[in-house]
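Okay, so here's the structure we're looking at.
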Amino acid sequence: MAIVGPGRVGTLLAVSLARAGWQPVAVAGGGDGSRERVAALVAGCRPHADVAEAVAGTDLVVLATPDDVLERVVTELARRDAFVEGQRVVHVAGSAGLAPLRRASLAGARVAACHPAMTVPSGAVDPDLLVGAAWAVTAAAPDRGWAHGLVGDLGGDAFDVPDDVRGLYHAGLATGSNAAAAAVVVARQLLLAAGIDDPARFLGPLVERSVANALSRGASALTGPVVRGDVRTVAGHLDALAADVPELRDAYRDLTRVLLGRVRADLSPAAAAELDTLLDPDRS
């Protein structure tokens, strides 16, 4: 197999697939240092500056490039006749379905999109990070078997996601991961501003339980002053932020407006209107 894209995910996949019994023989894309690192981590894997040369003759091609260059890479490989009949080509981009692989499919390759619902930290090379992860698999019926098998080799659980909802799927993951993390970052800054030296001690248990409740109960798990329609408390928060950390007031407003949108139907019209006024981004 060949890995194209030796970034965080590509590197982890190379190591993980090697442990699972696959033999990565080539790595391409990225910079010289990234390719050399993968080659050093996986016995028998050689770095290639030429992507088409790396792909030639392999049974499986794993495309771990950034989403916005994926189709361009596939087009270039197809232009150079790098794909062959029966070769399996899989990309791991969350936002894309099968469209970027069209040129590979036309060349006779069997294609699939397999995305792990897992954040990969910089430098991560422990295959156990992918064990138990849910993977979104998009593939035509004849290719689902091997795509599911590939996910299983990595210790993951495969779930079929139709091609036409990949955008919604990825938006959900991006919101759940990055937006949740952004909210915690803002909360951490607020506690530091309040003189709390160890924000994790306060936020850790609270955030973990809140997320667990939201995952199991949805919007009904939400709590706090907005859910109660407590306009005075929200106004107090905004006054405190304006006085002490004005640079965080807009972030608080934005996050609180999202929360208000989820619970508006349960509030009185008067409370909802007052909160709308308080949270107006144009309000000074």
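Derivation of every value follows stated rules applied to the coordinates shown; laboratory data play no part. It should be emphasised that the depicted structure is a prediction, and the values quoted were computed from it without experimental measurement. Glycine also receives a Cβ, built like all others from the backbone with ideal geometry; neighbour counts cover every protein chain displayed.
Using only Cα coordinates, the Kirkwood hydrodynamic radius of the chain works out to 21.6 Å. Working note: Cα gyration tensor of region 165-259, eigenvalues times five, square-rooted, sorted largest first, giving semi-axes of 24, 16, 15 Å. Only helical runs count toward this figure. For the chain, summing -39,500 (n - 2.57) over DSSP H runs of n ≥ 4 and dividing by all residues gives -15000 deg cm²/dmol at 222 nm. For Gly21, neighbours were defined as the other residues whose beta-carbon sits under 13 Å from its Cβ, and their charges (Lys and Arg +1, Asp and Glu -1) total -1.
Per the Cα gyration tensor, region 2-161 maps to an equivalent ellipsoid with semi-axes of 20, 20, 14 Å, ordered largest to smallest.
For region 89-167, what Kirkwood radius comes out of the mean inverse Cα-Cα distance, in Å?
After inverting the mean inverse Cα-Cα distance, the result is 12.9 Å.
Suppose every K and R has +1 on its Cβ and every D and E has -1 on its Cβ; what is the size of the dipole of the chain about the Cα centre, in Debye to the nearest 20?
Charge dipole, the chain, about its Cα centre: 300 debye, nearest 20.
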